[in-house]
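Participant: Sharing a structure here in structure tokens format.
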Amino acid sequence: QVQLVESGGGLVQPGGSLRLSCVASTSIFSFYAMAWYRQAPGKQRELVSFITPGRNTNYADSVKGRFTISRDNAKNTVYLQMNSLKPEDTAVYYCNTQSETFYWGQGTQVTVSS
């Protein structure tokens, strides 16, 4: 069973930055399109960004130009660099494949507040 472990969240002021990391316990990590999702209180989980095995990327309109997804296949890790954070970015952030293949991890809380 593949485990996904997210980290890097925290409390940050509006306009600040955070870098999230997600390590996947699979030897075939490089074959998957990996994605970041988020779930705000009272809302459904939404797709934030994904990166293909060929490193093509896609972003939700709400984060385009502020967030950058990347991956390190040697470390089985996907990252999300989040800049110019806004209060509406507050959510629990999760990683998974683009197809939501694996069981969800515990996520990492991001709170943007002054």
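The values are calculated or read from the model by the stated rules, or taken from the named source; none is laboratory data. Please read all numbers here as calculations on a predicted model, not as lab measurements. Counting neighbours? That spans all protein chains shown, and the Cβs are built from the backbone with ideal geometry, glycine included. Just so you know, the surface numbers come from the protein's heavy atoms only, side chains and all, with ligands and any DNA or RNA stripped out. Shrake-Rupley method; radii C 1.70, N 1.55, O 1.52, S 1.80 Å.
Participant: Report the label-to-label distance for Q81 and S17 in nanometres (one decimal), using points 7 Å from each Cα along the Cα→Cβ vector.
Facilitator: About 0.7 nm separates the two model spin labels.
Participant: Separate question: Rounded to the nearest 5, what is the percent of antiparallel bridges among the DSSP beta bridges in segment 9-111?
Facilitator: 95
Participant: With only Lys, Arg, Asp and Glu charged, each at its Cβ (+1 for the first two, -1 for the last two), find how big the charge dipole of the chain is about the Cα centre; round to the nearest 20 debye.
Facilitator: 160
Participant: Residue separation times 0.36 nm, minus the C-alpha to C-alpha distance between Q39 and A74: what's the value?
Facilitator: 9.8 nm
Participant: Something else about it: Mind checking segment 6-114 for chymotrypsin sites (Phe, Trp or Tyr not before Pro) that DSSP puts in a loop (not H, G, I, E or B) and that have at most 10 other Cβ atoms within 10 Å?
Facilitator: Y103
Participant: Please return the longest stretch of the chain lacking exposed loop sites, where trypsin sites (Lys or Arg not before Pro) count only if DSSP places them in a loop and at most 11 other Cβ atoms lie within 10 Å.
Facilitator: That gives 65-114 as the longest site-free run.
Participant: Compute the Cα gyration tensor for segment 28-68, then decide on rounded, prolate or oblate, letting a ≥ b ≥ c be the square roots of its eigenvalues: rounded whenever a/c is under 1.5, prolate when a/b is larger than b/c in the other cases, and oblate in all that remain.
Facilitator: Oblate is the answer for segment 28-68, as a/c is 1.5 or above yet b/c matches or exceeds a/b.
Participant: Counting only protein heavy atoms and using a 1.4 Å probe, what share of the accessible area of the chain belongs to carbon plus sulfur, as a whole percent?
Facilitator: Result for the chain: 47 percent of the exposed heavy-atom area is carbon or sulfur.
Participant: Moving on. Of the options F102, S27, T57, report the single residue whose Cα projects farthest towards the positive end of the charge dipole of the chain (beta-carbon charges: Lys, Arg +1; Asp, Glu -1).
Facilitator: Working it through, the farthest residue towards the positive pole turns out to be T57.
Participant: When only C-alpha pairs under 8 Å and at least 6 residues apart count, what is the relative contact order of the chain, in percent? Display every interim value, and only then the final one.
Facilitator: Working: 270 pairs, mean separation 43.3, N = 114.
Across the chain, relative contact order equals 38 percent.
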